[in-house]
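Enquirer: One structure follows; several queries about it will come next.
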Amino acid sequence: MHTELQSIAVVEQGGLVQVQVQTSRPAGTQVRVILLEIEEPIPGAALALARLQEQSGFAGEVLADPVEDVWNDL
């Protein structure tokens, strides 16, 4: 049986990361611990500009036009 638990920890002074997980597995059970750095979120201004670009006339009229969808014919 595969159980996946996620937890967010903060890197402390000296690069120390403490992870504490409570499990019903008996002592001595091997577990795999994977550390992934959380990517920085997109700043609000960049996200707003991307949304504006999606709503542009070019995106709505040209890119969304089925006549312009030539990639499926290749």
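Enquirer: Answer yes or no: is there a residue in the stretch 52-62 that is part of a loop (DSSP other than H, G, I, E, B), modelled with pLDDT of 80 or more and open to solvent by 100 Å² or more (accessible area, probe 1.4 Å).
Expert: Looking for residues that are part of a loop (DSSP other than H, G, I, E, B), modelled with pLDDT of 80 or more and open to solvent by 100 Å² or more (accessible area, probe 1.4 Å), one finds none in the stretch 52-62, hence no.
Enquirer: If L74 satisfies every condition in (1) at pLDDT 70 or above; (2) over 19 Å from the mean Cα position of the chain (by Cα); (3) open to solvent by 100 Å² or more (accessible area, probe 1.4 Å) but one, which is the exception?
Expert: It is condition (1) that L74 fails.
Enquirer: Can you list residue pairs whose Cβ atoms sit under 6 Å apart, with the first residue in the stretch 3-26 being among the aliphatic types (A, V, I, L, M) and the second being modelled with pLDDT under 80 and open to solvent by less than 100 Å² (accessible area, probe 1.4 Å)? Count only pairs 6 or more apart in sequence or on different chains.
Expert: Correct list of pairs: L5/V21.
Enquirer: Against the condition exposed (fewer than 10 other Cβ atoms within 10 Å of the Cβ) and either touching an Asp or Glu at 6+ places or on another chain (Cβ under 8 Å) or part of a helix (DSSP H, G or I) (or both), how does V67 come out, does it pass?
Expert: In short, yes.
Enquirer: For L36, are the conditions met, namely being modelled with pLDDT of 80 or more, exposed (fewer than 10 other Cβ atoms within 10 Å of the Cβ) and aliphatic (A, V, I, L, M)?
Expert: Yes, satisfied.
The values are calculated or read from the model by the stated rules, or taken from the named source; none is laboratory data. Just so it is clear, the model here is predicted, and its values are computed rather than measured. Here Cβ is always computed from backbone atoms with ideal geometry, including for glycine, and neighbour counts include all displayed protein chains. These area figures cover heavy atoms from the full protein model, side chains too; ligands, DNA and RNA do not enter into them. Shrake-Rupley method; radii C 1.70, N 1.55, O 1.52, S 1.80 Å.
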